Every structure is written in C-alpha cells, then in structure tokens.
Protein chains: 2
Amino acid sequence: MSQEVQPDFAKSDGLVPVVVQQVGTGEVLMLAYMNREAYDETLATGRAVYYSRSRGGLWRKGESSGNIQQVRRVRIDCDRDTLLLEVDQVGGAACHEGYPSCFFREITPAGATIISQRVFDPSEVYKQTE
Amino acid sequence: MSQEVQPDFAKSDGLVPVVVQQVGTGEVLMLAYMNREAYDETLATGRAVYYSRSRGGLWRKGESSGNIQQVRRVRIDCDRDTLLLEVDQVGGAACHEGYPSCFFREITPAGATIISQRVFDPSEVYKQTE
C-alpha cells in the first residue's frame, strides 16, 4: 500500500529539517535542512544534498571533504514536516569538526563532556579552503 | 574535561530542534522543539518537555497519553543549535498516530509506504480529549 506523500515545504519558509542517521549502527549523525531542490536532487542521485542556511544555497554534503552520504532510505514523519535519512557516511565522519557525529558532546550537570573520538583532524581536511 | 555549553536559543526565535532517539534500539522517534523553559524543566525533572509550536506553550510529553519519555542522555551538536535526547519511551510509542516512531513511512519511487506496526489505536488513547 503506497500513496503520494510530499514534505510540507511551505510550513517553515521552504525548508524541512532532516535527521541523518547511519545505517547499521543507528547513530544520529547530524541535523540538516532541505528545500524542494535539495530534496529532489537527493532522491534523484541517492546522495544527500542539503540547503545551507548560512550560505543560502545547495550544500552537496562531502563535496569538499569527500565525505559524501549515500542515501539508503528516506522516511517522512506523521506531520510531513520532518525527514529522516538513513545513510552510509563515507569516511566515517559527518561532522566538520572531525567527529563521526555532530552530537559529540553530552550535557551533564558538570557541563559539556566530549563522548566521542575524532576520525580526522579538521585543520588537515579543510586546509585547502582556508 | 567539561565546560559550560548552552543551546543557542537565539538562533531560531527562541527554539532549538530536538532529535529524540530510543536508548538501546537507536530508533529515531520524533523531532520536537524546546525553548529555554522546556530545556530547563527537562534537565531538572529527567522527563522530556518540549515547546509545542502549534499550541504555543510547553508540551509535557505523555501528559495525556501516559507515554512519557525518561531522559537518559542529552547531547548537543557542534553548532549548539540542535539537541539529541536519548530517552526511554514509556508505552513503546512516541507518535500520536500510535506508531513507535513518527517516521513510520518510507518514501519510495512508488510513493510513501508504511514500514511500521501500530502499538496503540489513537482513537482509543485520545478519546477523552475529543
């Protein structure tokens, strides 16, 4: 049983938040955003494409670092205003800080504690663009 | 090593998106939002409290259905503009439609397909408030 279901891009200025999860481990890697164009390109190519709010344009994840995300499954929530992408993260790190996940810190009563190990040194990977 | 790290509530009109994940299975249950007040109450009580954008007020998850979320860990992302809550979902269902996860549909070339089983019948659980 299937039906045509589209993300509700109109709800938040043309963007929907996208939760990105590693297939296999289930680790939540990051939260990003898509507009209609990013969504269509992601479905067409099988590679994650987001909309960068800071740059104001399409963000083809991994274009500079090589750490692309191969999309295995796209899920949509009950309200059609959020997507969940199950991906295979090439290079093992989604975060520009070099960690597997952007959520590498835990909030504790004593403050934020780093609970992850770096996969790469960001100053090495991004030095071309500095 | 720890340091004081606060969510950046100023970035998006006082709200931060919150990814909610079931401990143990790693299933992504839902995406919600918190303002400062919801965040403080969540940390203080250990139960997930969100900000309902549709109702314009605090949303103590499970208050009417009984399906509360016991918070096991709070994580914050590199940009401090998104939270990840690891929770134990009481009742086994986070979605008001009766599914374990709000992301119970997969987008396929043929349309949206339901990939989950209902845990409860929403017409039974919510009938008091209708």
**OP:** Among the residues of region A:73-130, count how many are assigned to a strand (DSSP E or B), touching a residue at least 60 places away in the same chain (Cβ under 8 Å) and polar (S, T, N, Q).
**Re:** 1
Subject >> Lone unmet requirement of (1) facing chain A (nearest Cβ under 7 Å); (2) crowded, with 17+ Cβ neighbours inside 10 Å; (3) closer than 22 Å to A:R80 by Cβ for B:S101 >> reply: (1)
**OP:** Identify, by number, the condition in (1) surrounded by 15 or more Cβ atoms within 10 Å (Cβ to Cβ); (2) farther than 20 Å from B:S116 by Cβ; (3) not acidic (D, E) that A:G57 doesn't meet.
**Re:** (1)
**OP:** Taking only region B:105-121 into account, find how many residues are open to solvent by less than 10 Å² (accessible area, probe 1.4 Å) and closer than 18 Å to B:M30 by Cα.
**Re:** 1
Subject >> Index of the failed condition, B:E63 passing every other in (1) under 15 Å from the mean Cα position of the chain (by Cα); (2) closer than 23 Å to A:S101 by Cα; (3) of a type outside the set (G, A, S) >> reply: (2)
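Would region A:29-40 turn up any residue that is assigned to a loop (DSSP other than H, G, I, E, B) and among the aromatic types (F, W, Y)?
Of all residues in region A:29-40, those assigned to a loop (DSSP other than H, G, I, E, B) come to A:35.
So of that shortlist, the ones also among the aromatic types (F, W, Y) come out as none.
No; the residues of region A:29-40 include none that is assigned to a loop (DSSP other than H, G, I, E, B) and among the aromatic types (F, W, Y).
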**OP:** Starting from region A:4-30, take each residue that is more than 9 Å from chain B (Cβ to nearest Cβ) and among the aromatic types (F, W, Y) and list its partners that are part of a helix (DSSP H, G or I) and buried (at least 20 other Cβ atoms within 10 Å of the Cβ), counting only C-beta distances under 9 angstrom and pairs at least six apart or across chains.
**Re:** A:F9/A:Y39
Subject >> Some residue of region A:59-72 being within 9 Å of chain B (Cβ to nearest Cβ), in a loop (DSSP other than H, G, I, E, B), modelled with pLDDT under 95 and in contact with a strand residue (DSSP E or B) (Cβ under 7 Å, 6 or more places away or on another chain) >> reply: no
Original post:
Just for region B:73-98: of the residues that are among the charged types (D, E, K, R) and at the interface with chain A (Cβ under 7 Å from one of its Cβ atoms), which one is farthest from A:V20 (Cα to Cα)?
Top reply: B:E97
Original post:
Does region A:105-118 hold any residues that are within 7 Å of another protein chain (Cβ to nearest Cβ), at negative phi and not aliphatic (A, V, I, L, M), and which are they?
Top reply: A:R105, A:E106, A:T108, A:T113
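The values are calculated or read from the model by the stated rules, or taken from the named source; none is laboratory data. Note that this is a predicted model, so its numbers are computed, not measured. Quick reminder, even Gly has a Cβ in these numbers, built from the backbone with ideal geometry, and neighbours come from all protein chains shown. Surface areas here come from the heavy atoms of the whole protein model, side chains and all, with no ligands, DNA or RNA. Shrake-Rupley method; radii C 1.70, N 1.55, O 1.52, S 1.80 Å.
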